[in-house]
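The values are calculated or read from the model by the stated rules, or taken from the named source; none is laboratory data. What you see is a predicted model; the values in this text were computed from it and never measured. Cβ sites come from the backbone with ideal geometry, for glycine too, and all protein chains shown count toward neighbours. Calculation scope for accessible area: heavy atoms of the full protein, side chains included, ligands and nucleic acids excluded. Shrake-Rupley method; radii C 1.70, N 1.55, O 1.52, S 1.80 Å.
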Amino acid sequence: MVFAFAILLVIGLVAYIVLGSTATTRSKQRVRTVGREFTDMLTAPDVNYVKINDRIVSYSFYDSIDVFVFDGGGQMVMGVPLFADMVEEVYGFVSEASGEWKEGKETEFSTREHGNMTISYIACVRCGGEECKLLVRYPVAPIARTISQMELYILLITLAALALAFFISYTLANKLSSPIRDVSATAKKLAKGDYNVQFTSTQYAEIAQLSDTLNYMKDEIKKSDQFQKELLANVSHDLKTPLTMIKAYASMIMEISGNDPEKREKHLQVIIDESDRLAGLVNDILSTSKISSGIEQLDKKVFNVSEALYGVINNFGYLQESQGYKIMVDVDPNQYACADEEKIKQVFYNLVSNAVNYTGEDKTVYVMLKFVPQTGSIRFAVRDTGNGIAEEELPHIWDRYYRSKETHNRPVKGTGLGLNIVKAILESHSFGFGVESGQGKGSTFYVDFPAASSEPDEPASE
Ligand code: ADP
């Protein structure tokens, strides 16, 4: 509005000033031209007084320009008819303004009489051998009236344009700012924790885009908030269970089994197992949060995947010896990949321990690592003979704290975070992975590593 006001004010002022000054300049030019025309006619060798008279009459009649010629004695030789007493007055004016007679001298000036401007031109001319003075008078009043009328029009137009500019800018500003005000009000509600708000799109593309972005942001904040709540609930639940067990068994030892070595041994074992579970849970929680928040940087280097896998499988040796589990291994030796070795070992451990946990009655797990020449990658796969995973559960198994409802007696304690850690590690490496499973058919989890050439002093991968 201020901008429109400033522009219109400038335009109005310029028009006002230019109009006024142009009118005065034009009038002066006109008077000078008429004056010189008469000077020429009067000083011409064959001066034609009839023609001069005709011109005087015509200028007076059509242009309101009065022309007078006085001789040296103050007599009016030619000119628009005047009352006798006025002749003297006009001559007085001429001689006062022109001063001493000097041939060819001309002057031009404006005077103000009764508030009306008059432009006069006086020239000293020699006509018919005599010293004469020529006066041309042009009252600007008629033109001034036109000008002031035009100035009034300009003022009116400026005011109307100003009102229109105010109206348009107010309407536009209102139209533009109202969706922004809505967005701001919705954002305030969101800031107070109301995640059910919706940023509404408008017809303006930019604001619609902003609304979409804010809606996306809101959904993400909502998810993260929900996740935090769930995480807190799950973690506290998972920590509470082993702690309750530890406390219960410690009390039992104190009150009941303290003197019975066999029972005491059993109860102490429960305490040790539960403590291990607690430690495992805390480690898993730390790993997932570190990986997914990107705090931990990957320490990528080329390493022998086959050796790393053997190392992990060896950890399950105690299950093979004490509980009759069989881990069937088919591993291509000396396969190299570029990755964070410790993290990949964690992937192997989590997938093999799941396979052991969920395998069938035969307690057999198949572990495979093969170079695939077609894709130039190394495929790791671990297969169990268990019940498999129902189709509707498949998309969820990679989620944090997801556990199937089916209760299961497991040789390796799980936390519900294992597959989520696998997913986070493999995604951070951009490695392909997945699962093939069906109810009653067992499950095969696989990972594809891009094969790397072996370390300089090692033999090349097969
Ligand atoms: P946890 O094994 O500690 O419950 P995970 O994240 O490792 O947690 O696994 C999540 C869920 O995926 C498990 O609860 C189980 O339902 C399913 N799952 C994982 N591995 C297997 C498998 N080999 N066979 C059948 N189900 C599996």
Next on the checklist: Taking R0 as 41 Å, what FRET efficiency do you get between Arg26 and Ile180 from their Cβ-Cβ distance, rounded to the nearest 0.05?
Outcome noted: 0.20
Checklist outcome for this item: With a 1.4 angstrom probe the carbon and sulfur portion of accessible area for the chain, in percent, totals 56
Checklist outcome for this item: Under the helix-only model (-39500 (n - 2.57) for each DSSP H run of 4 or more, divided by the residues of the chain), the mean residue ellipticity at 222 nm, to 500 deg cm²/dmol, is -19000 deg cm²/dmol
Item to check | Directionally averaged shadow of segment 119-249, computed from the convex hull of its alpha-carbon atoms, nm² | outcome: 17.7
Next on the checklist: What is the distance in Å between the Cα centroid of segment 168-206 and that of segment 250-311?
Outcome noted: 52
Item to check | Sequence-distant aspartates and glutamates (8 or more away, or on other chains) whose Cα lies within less than 16 Å of Lys247 | outcome: Asp238, Glu255, Glu265, Asp273, Glu274, Asp276
Next on the checklist: Per 0.36 nm of contour for each residue apart, how much would the distance between Lys300 and Ala165 grow if the chain were fully extended, relative to their Cα-Cα spacing?
Outcome noted: 42.0 nm
Next on the checklist: For segment 174-290, what does the accessible surface come to per residue with a 1.4 Å probe? Please give it in Å².
Outcome noted: 69
Checklist outcome for this item: A chain fully extended from Tyr195 to Gln209 at 0.36 nm per residue, minus the present Cα-Cα distance, gains in nm 3.1 nm
Next on the checklist: Averaged across orientations, what area in nm² does the convex hull of the alpha carbons in the chain project?
Outcome noted: 50.2
Item to check | segment 13-134: mean projected area of Cα convex hull, nm² | outcome: 8.4
Checklist outcome for this item: Log entry: pair-distance distribution for segment 207-250, C-alpha pairs binned every 10 Å from zero, whole % per bin is 25, 25, 19, 15, 9, 5, 1
Next on the checklist: Please give the Cα centre distance for segment 62-136 versus segment 362-383, rounded to the nearest Å.
Outcome noted: 122
Checklist entry - What order, most packed first, do the peptides 121-134, 22-35 have when packing is the mean number of other Cβ atoms within 10 Å of each residue? => result 121-134, 22-35
Next on the checklist: Within segment 65-82, list the residues whose amide N lies under 17 Å from a label point set 7 Å along Cα→Cβ of Glu37.
Outcome noted: 65-69, 79-80
Item to check | Surface per residue (accessible, 1.4 Å probe) for segment 46-109, Å² | outcome: 63
